[in-house]
Every structure is written in structure tokens, then in C-alpha cells.
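A short worksheet on the structure shown next.
Derivation of every value follows stated rules applied to the coordinates shown; laboratory data play no part. If you're wondering where the values come from, they're calculated on a predicted model, not measured in any experiment. Here Cβ is always computed from backbone atoms with ideal geometry, including for glycine, and neighbour counts include all displayed protein chains.
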Amino acid sequence: MDDKLLYEKLDSLSVQEKIGQLVQLTGDFFEGDIDTVVTGPLKKLGLNPSYNIYNTGSILNVTDPEKMIRLQTKYLEHSAHQIPLLFMADIIYGYRTIFPIPLAQACSWNFEQIERAAAISARECYEEGTHVTFSPMVDIVRDPRWGRVMESPGEDTLLARKYAESTVAGIQGRKTRSGAVPADKIAACVKHFAAYGAPVAGREYNAVDMSEHTLREYYLPGYQAAIEAGAKLVMTAFNTLNGIPATGNEWLNRDVLRREMNFDGVLISDYAAIEELIMHGYAEDEAAAAKLALLAGVDVDMKTAVYANQLEKIISGNEHMLELLNEAVYRVLKLKNDLGLFEDPFRGLQETVRRGSSSILADEHKQAALSLAEESVVLLKNEHELLPLSPQTKIALIGPYAEENSTLGIWAIKGNEADTINLKTGLLKHADPARLSVCRGAYMVPLDEREALGKYADKLPAETVGEEELLEEAIRNADEADVIVLALGESIYQSGEGGSRTNPALPEPQLKLLRELSGLGKPLAVIVYSGRPLILTEVAEKADALIQAWYPGTMGGEALANILYGKANPSGKLTMTFPRCVGQIPVHYNELNTGRPNLPENGSYRFASRYIDEANEPLYPFGYGKSYTSFAYSLLSVSRKEMKRNEPIEFSVAVSNTGSYDGKETVQLYIRDKFASVARPVKVLKDFQKIFLRSGETGTVQFTIREEMLKFYGSNMEYKSEPGEFEVYIGPSSQDISLSFSFVLLPEEEHE
């Protein structure tokens with residue numbers, strides 16, 4: 001349908017029909033007879049009984065293909081204008097083939113694989129009838145107490161941009177002039193706009209308070225990258241930003257998002273966020289909330305009755321509000337048109353149902369999940385080259401994650417644990433069953449901490465064996481083994497939305513198990529499953545080898561087994577800093593210097609920026625990750641040491657694999673602006689390259705430094721570079737700098 005016909009469609013709608021297009025409900029509103037609906041979901045949501053549900057624009061989290069066909073068919077039979085429903089769902093990092101959580105994916109630093117994972121998720125969604133997914137989440141996170149760090153690419157702006165670009169391209173396809181979403185693709189929704197990842201005290205849904213400089217410098221670029229990649233939707237955030245709720249923030253959503261970022265797609269509220277403007281104390285009642293949200297440019301009201309019940313009164317006699325309504329409805333209709341729903345309301349779904357099969361869990365999908373999981377795992381420690389293990393080694397696999405299939409993370413809403421390869425199953429692909437003993441050793445979640453998990457407490461298994469009995473069994477198994485592989489971690493229900501923790505550490509029963517086993521004198525390899533960086537200071541002290549597994553997805557057990565036995569060489573690098581203790585949080589690599597930095601030569605000088613009871617440095621820094629092999633760096637050439645704005649600096653680095661295993665290395669480029677009109681970070685990641693080298697091989701990595709990489713937001717929010725001296729650091733992590741050099745950006749007048 002061309003734009004002229006789309007506007008004709010818009011003009012043919014009554015005000016009530018237009019409002020309906022901005023309402024998102026769940027599928028139960030369309031099941032059963034009208035009396036059942038009125039006394040059930042309509043009443044529960046508070047919708048006016050006169051509301052015509054067949055004006056509704058979209059459906060949330062219905063993912064059963066036959067039900068979707070049934071709902072769409074029934075809806076179109078009752079629709080006066082034949083405007084199809086949109087089906088939207090929380091498919092964050094996999095439909096049925098579940099990939100590692102986004103934080104883990106980013107640790108691969110392999111954005112081609114990340115795009116491939118997103119494309120597979122989109123294909124499975126497409127074949128099962130989903131039109132829109134609420135992904136990617138590109139919120140910058142610096143506080144591991146916040147549960148939703150699992151959905152983020154981490155603490156760095158460059159990686160957030162790369163993740164946004166890759167994920168949108170995978171989900172939606174490369175941006176086209178027509179705007180049409182191709183077959184096998186669905187629409188992407190970037191979230192949460194804006195700065196949702198910086199809640200005060202790391203507490204879910206809490207306020208965000210930050211300067212405009214910090215917002216623009218670090219937090220907004222990820223969203224901008226997703227929009228430039230063509231993301232069709234943006235989701236508002238739950239939080240207040242400097243005192244104003246994001247969902248009702250006209251400056252944020254109209255001035256910044258619409259005008260500055262040139263976003264012309266659909267802006268959808270997060271779940272009930274328009275209604276929550278009242279609880280924030282920003283709107284007096286539902287009518288005020290509806291008006292504020294529409295003024296702020298919010299097009300779709302997710303799962304409340306606010307727009308449905310209030311917009312007609314607000315628009316009556318108000319030409320400006322009517323104009324805003326028409327703009328919002330047009331954007332929703334255009335999204336449906338870009339998805340081709342006017343031509344095919346089922347978008348290939350009927351073909352899938354008729355065929356009786358889809359590509360779900362296809363071998364190529366599982367292979368992609370396996371490959372990404374292998375590259376997402378981070379080897380944190382490997383003393384005395386304990387890993388990789390030999391197939392002849394007698395292993396005691398101990399811990400609550402030894403046989404646990406619930407390793408998908410809390411947002412794998414279509415993931416099936418029955419499809420998941422757990423750690424024991426993965427190890428048995430390599431190990432002689434006679435040389436592998438398995439036991440739990442400890443509870444996943446202590447009994448006295450389960451109540452805090454709310455409705456998720458019932459999803460944990462009932463405990464029929466006492467903690468001491470589990471511990472005794474673990475010690476017996478360990479005594480008979482050559483090596484202990486200890487699989488620990490937080491439950492998936494301790495992470496994710498609503499999973500904020502004041503002390504993001506391993507549960508005490510698991511630490512007790514660690515202490516007991518470490519005292520046996522056996523080689524100890526610890527694997528940690530989590531949705532966030534945990535405080536692993538004690539674990540790192542007691543373990544000979546330490547692996548961060550994250551929630552690795554459907555193929556996680558096989559990926560970890562391949563790494564343990566050396567079939568895959570770990571290459572993951574952290575995209576979020578691991579603190580030594582809670583008191584260091586929030587912590588991130590690109591901090592500002594202070595007037596009194598903690599210099600090594602000053603020792604315990606009191607009046608420096610330091611802790612008196614702990615080191616400033618984290619346990620594991622951003623960019624860190626070990627390999628079974630080793631790499632050496634040398635600087636080959638630098639094209640110039642004085643840079644003109646239109647003449648970039650090019651330099652090359654030789655990287656040699658000096659170990660005995662083939663492996664991948666991520667070469668990281670950081671830049672420090674030594675003097676500027678606003679204080680600049682001690683270093684900022686500006687580029688990286690991941691290369692594969694065989695044992696003994698040397699490769700060359702080329703980097704280009706452009707003037708654009710030197711720009712920042714000044715005190716007046718102007719985005720520009722400034723002449724002066726810059727330091728360049730190259731190395732395998734933000735702390736381990738192998739090479740460095742400096743250059744000068746010349747003033748413009750010197751080369752005009």
C-alpha cells in the first residue's frame with residue numbers, strides 16, 4: 001500500500017477507531033463470547049465496557065501459531081476497515097533456539113555472530129507469527145546490583161553501538177529506502193529510552209539522576225545506532241530521568257528522539273508505563289497521564305486502559321491533540337504496512353501451519369548457538385594450565401549447575417529446558433562415563449531466600465535432601481577424583497527484571513561447598529553461571545581455573561564441555577567490570593581522573609582518591625579474558641604523529657600466537673584525550689579487531705584513527721573535537737596495555 005492509500009485509510013477511521021490502534025492488549029480479550037470478555041479481562045484492566053476490542057491495534061505475548069491465526073481471523077471478521085492486528089513479543093535472545101544472554105553475547109566481541117543469532121531468532125519468530133520483538137536492549141550498565149544487566153551489552157558505548165547495529169540488522173534486515181521488512185525478518189524495538197540502565201542504588205525501576213553531558217556522551221549513542229540501523233520501534237523506559245518520567249518526557253521523546261535522532265517510527269510504552277505516570281506523582285489521574293504521554297509522542301499504550309478510556313475526551317475540541325493522535329495512528333499503520341500485513345495479515349504463518357513444520361531448532365540454528373556460546377564464555381583464571389582437561393582425567397562434577405537445564409535466563413519465554421544441553425550431558429560427549437561422577441553438593445538458592453523471589457519461588461525444585469548430606473556426598477565424590485569441576489551460580493530467578501541484589505555474590509551454601517572442596521588439595525576448576533558480574537573474590541582465590549559461563553543458552557553444556565576439553569579455545573573478553581566487593585560499585589573502566597589520583601608511588605598516602613580497606617582496581621577489568629594460548633604484540637608502524645582533521649592516522653600492530661594452541665585474540669584500541677575543555681576519561685575504547693591465529697603464526701592488525709573518534713560533548717553540549725595531545729593504548733584488556741604512542745591533533749588554522 002502506498003503512502004496515499006495509507007493516509008486514506010487513516011482518514012476513513014473514526015476517533016474511536018484511531019484510538020484503538022494505539023491500544024495493546026493480550027490475547028485473552030479476544031477469547032470466548034463478549035459477556036465473558038466484559039466480566040473478565042475488560043473488567044480486570046478497567047476498560048470501559050463500551051470499548052470495541054476489535055479496534056485494538058496490537059497483541060502482547062501471544063506466540064502460539066494456531067491461536068494467532070484464530071485471533072487474527074476473528075479480528076478481521078469484526079474489523080470494519082480490515083486493519084490487521086500486530087503481534088508483539090518479548091523474544092530477547094532467541095525464540096526456541098536460545099542463544100547466550102546479551103551480556104554474554106557481547107563478550108564474544110564477534111558482531112557477525114551476534115547478527116547471525118538475531119537473524120535466526122527473527123526467522124523462527126517470522127515462521128511462528130510474531131511481527132515485532134522488544135529487542136535490542138542497549139542500556140549502558142555500570143552497576144551489577146541491577147538485575148537487567150543480563151539484557152545489556154555492558155558498560156561501553158562503542159560496544160553498545162555495535163550491538164545495536166548488529167542486532168537490528170539481524171532482526172529486521174539492513175535498512176532499505178522503501179522501509180519494507182523482508183520475509184524471514186520482523187520489526188525490531190530498541191529499548192529502554194532512556195538511561196534505564198543507571199537506576200539509583202541498582203534498584204529496579206528506581207530513579208535515574210545524571211547530567212545531560214553523561215546522558216549524551218555515554219547513554220544515548222546506543223539508541224542512536226539502533227535508529228540509524230532502521231529500528232522500527234523504540235520503547236520508553238520506566239524510570240524518571242532527572243525528575244521527569246521517561247514515558248511523559250516531551251523533551252526526551254520529541255526533542256531528542258524525534259527531532260535530533262530523526263526517529264519516525266513507533267514509540268511504545270513499556271508495560272503499563274503510561275498509567276505509572278500517576279504513581280510517579282507526575283500525572284494527577286488517568287486523563288492527565290494520557291495527555292502527557294501523547295504530548296510526549298508515545299504512540300502505543302502497552303497493557304493499560306488509559307488511552308482507551310481517556311483519549312477521546314482529551315481530543316474533543318482540541319485540534320492540536322487531534323493532530324498528535326493522527327500522527328501516532330499513522331505511524332502504527334505505517335509499521336503494519338512496512339510488515340506487509342495489509343497484503344498478508346498472517347505474514348507466512350498459515351504456510352508454516354499448513355506445512356506442519358518450521359526451522360525451529362534446526363541443526364544450523366543449534367550450531368550457531370553453540371559457536372556463539374563458545375565465544376561468549378570468558379576464562380578468568382587458569383593456574384598451572386589446569387585446563388584443558390584430558391579425557392583420561394577422572395572428574396568429579398559437583399554443584400547445583402552440574403545437571404541443571406535451567407540455564408537459559410529469565411527472558412527465554414519460548415525456550416524449552418527439554419531442548420537444553422546441560423553440563424553433564426556436554427561432558428559425556430568427551431568423557432568416559434566411568435571417569436565422571438556427578439552430584440549437587442549444595443542448594444541453588446537457600447531455603448530462607450526463596451520467598452524473596454515471589455512467584456518464581458515455586459519454580460525452584462522442592463528440596464528433599466539436607467544440605468549436610470549433599471555436602472558429604474560431594475566430598476566423597478571429590479576424594480575419588482583427579483580434578484573437581486565445580487558448577488556454581490545464581491539461579492536464573494535471581495537475575496533479570498526485578499532481580500536487583502544488594503550483594504551480587506554466590507549464595508552462602510555454594511560458598512561453603514567451595515571452601516570445603518578447596519581444602520581437599522585437589523585441582524579445582526570452577527564454572528560460574530550468572531546473569532551479571534558476581535563478586536568472585538573468594539572464588540578466584542580458591543579456584544585453580546575459573547570460567548564465567550553466564551546463561552549460555554540451548555547449547556551451553558556442549559559449549560562449556562568443548563572448552564573444558566580443549567575442543568574450543570576460550571576467547572571471550574569481559575564487557576562489564578567485575579568488582580572485588582560491593583563497595584566498589586558502580587565501577588567501570590572509563591572513569592574520569594581526579595585531582596588527587598591514587599598513584600602507585602604514593603603508597604598509602606591518605607589524601608588520594610582511594611579506599612583505605614580495599615584496592616581501587618577491580619577483580620577483573622573490562623576487556624579481560626584469558627586463552628589457552630598466549631599472544632605477543634609489537635608496533636609495526638604509525639603513519640604520522642601530527643594529525644590534521646581530514647587526514648587520519650593509520651598504524652599497524654603485529655600479533656603473534658606464542659603458545660601451543662590455535663586461538664582468537666581481541667586486540668583493543670583505547671584513546672585518552674590528555675587535555676580538554678571538560679575532563680575526559682582515563683581511556684575510552686575506540687576500536688577493536690578479533691583475529692584468529694594458529695600456534696606460531698603472526699598476523700598484522702590495521703587501525704585507523706579518524707577525527708570523529710576524538711569528538712566529545714563539551715560543556716555547552718556541542719559535539720566536537722579539540723586540538724591537543726592524545727595517548728593511544730593497544731592491548732588485550734583495558735588494564736593490560738601492551739603498546740602505546742602519542743599524537744597531536746593540530747588546530748584548524750594550522751592547516752587551512
query: Using θ = phi - 60° and the Karplus curve 6.51 cos²θ - 1.76 cosθ + 1.60, what whole-Hz ³J(HN,Hα) does each residue of the stretch 599-607 get, with Gly and Pro shown as x?
result: 8, x, 5, 8, x, 9, 3, 6, 8
field: Highest-first arrangement of 375-387, 149-161, where packing means the average Cβ count within 10 Å
entry: 149-161, 375-387
CD proxy at 222 nm, helix term only [per DSSP H run n ≥ 4: -39500 (n - 2.57); per residue of the chain; nearest 500]: -7500 deg cm²/dmol
message: How large is the direction-averaged shadow of the alpha-carbon convex hull of the stretch 182-222, in nm²?
response: 4.1
- prompt: How do the peptides 623-631, 47-55, 710-718 rank, highest first, by the average count of neighbouring beta carbon atoms within 10 Å per residue?
  reply: 623-631, 47-55, 710-718
- request: Go through the stretch 475-527 and name the GluC sites (Glu not before Pro) that are in a DSSP coil and have 16 or fewer other Cβ atoms within 10 Å of their Cβ.
  value: GLU480
statement: If the chain between ASN318 and THR658 were fully extended at 0.36 nm per residue, the gain over the current Cα-Cα distance would be 115.1 nm
- prompt: Taking a temperature of 20 °C and a viscosity of 1.002 mPa s, what whole-number D in µm²/s does Stokes-Einstein yield for the stretch 511-580 with Rh from Kirkwood over alpha carbon pairs?
  reply: 161
- prompt: For LEU520 and ILE278 in one chain, what is 0.36 nm times their gap in residues minus the Cα-Cα distance, to one decimal in nm?
  reply: 81.3 nm
field: For ASP613, ASP28, order by how many other beta-carbon atoms lie within 10 Å, fewest first
entry: ASP613, ASP28
field: Rg/Rg_globular for the chain, with Rg_globular taken as 2.2 N^0.38 Å and Rg from C-alpha atoms
entry: 0.99
message: I want the antiparallel fraction of DSSP beta bridges within the chain, as a percent rounded to 5.
response: 55
query: Taking the inverse of the average 1/r across all pairs of different Cα atoms in the stretch 631-751, what Kirkwood radius in Å do you get?
result: 15.4
field: Cα gyration tensor category, rounded, prolate or oblate, for the stretch 309-358 with a/c compared to 1.5
entry: prolate
Which of LEU159, ILE730, LEU341, positive extreme of dipole for the chain (C-beta unit charges): ILE730
task: Starting with the fewest neighbours, write out SER733, SER178, SER121 ranked by other beta-carbon atoms found within 10 Å of each beta-carbon.
output: SER178, SER733, SER121
field: Packing-based exposure ordering (other Cβ within 10 Å, fewest first) of MET68, MET321
entry: MET321, MET68
Normalised contact order of the chain, rounded percent, pairs of Cα under 8 Å and 6 or more residues apart: 13
- line: Treating only Lys and Arg (+1) and Asp and Glu (-1) as charged, each at its beta carbon, one finds that the stretch 427-478 has a dipole about its Cα centre, in Debye to the nearest 20, of 420
task: Jot down the radius of gyration and Dmax of the stretch 395-510, Cα atoms only, both in angstrom.
output: 14.9, 42
Positive dipole terminus of the chain, leading residue within TYR661, VAL678, VAL149 (C-beta point charges): TYR661
- prompt: Suppose every K and R has +1 on its Cβ and every D and E has -1 on its Cβ; what is the size of the dipole of the chain about the Cα centre, in Debye to the nearest 20?
  reply: 840
statement: At R0 = 41 Å the Cβ-Cβ FRET efficiency linking GLU31 and LEU447, nearest 0.05, sits at 0.60
Nonlocal amide H pairs with GLU204, under 5 Å, H built at 1.01 Å: GLY147, SER500
query: So how do 312-318, 564-570, 204-210 stack up, highest first, on mean other-Cβ count within 10 Å?
result: 564-570, 204-210, 312-318
- request: Positive end of the charge dipole of the chain (Lys, Arg +1 and Asp, Glu -1 on Cβ, about the Cα centre): tell me which of ILE171, GLY566, ALA183 has its Cα farthest that way.
  value: GLY566
Principal axis dimensions, largest first and in whole angstrom, of the stretch 146-284 by Cα: 43, 31, 26
- prompt: Cross-link partners among lysines for LYS567, C-alpha distance below 27 Å, same-chain residues fewer than 8 apart left out?
  reply: LYS366, LYS381, LYS394, LYS424, LYS429, LYS522, LYS542, LYS626, LYS664, LYS690
field: Check: the stretch 365-582 dipole with +1 on Lys, Arg Cβ and -1 on Asp, Glu Cβ, in debye
entry: 680
message: What translational diffusion coefficient, to the nearest whole µm²/s, does the stretch 51-109 have by Stokes-Einstein, given a Kirkwood radius computed over alpha-carbon pairs, a temperature of 37 °C and 0.692 mPa s viscosity?
response: 240
- prompt: When all C-alpha to C-alpha distances in the stretch 365-582 are sorted into bins of 10 Å, what percent of pairs does each bin hold, rounded to whole numbers?
  reply: 8, 37, 40, 15, 1
- prompt: Once amide H atoms are placed 1.01 Å from N in the peptide plane, what residues at a sequence separation of 5 or more from LYS686, or on another chain, have their amide H within under 5 Å of its amide H?
  reply: LEU669, TYR670, ILE671
query: Which FRET efficiency, nearest 0.05, do GLU650 and LYS455 yield, Cβ-Cβ r, R0 51 Å?
result: 0.35
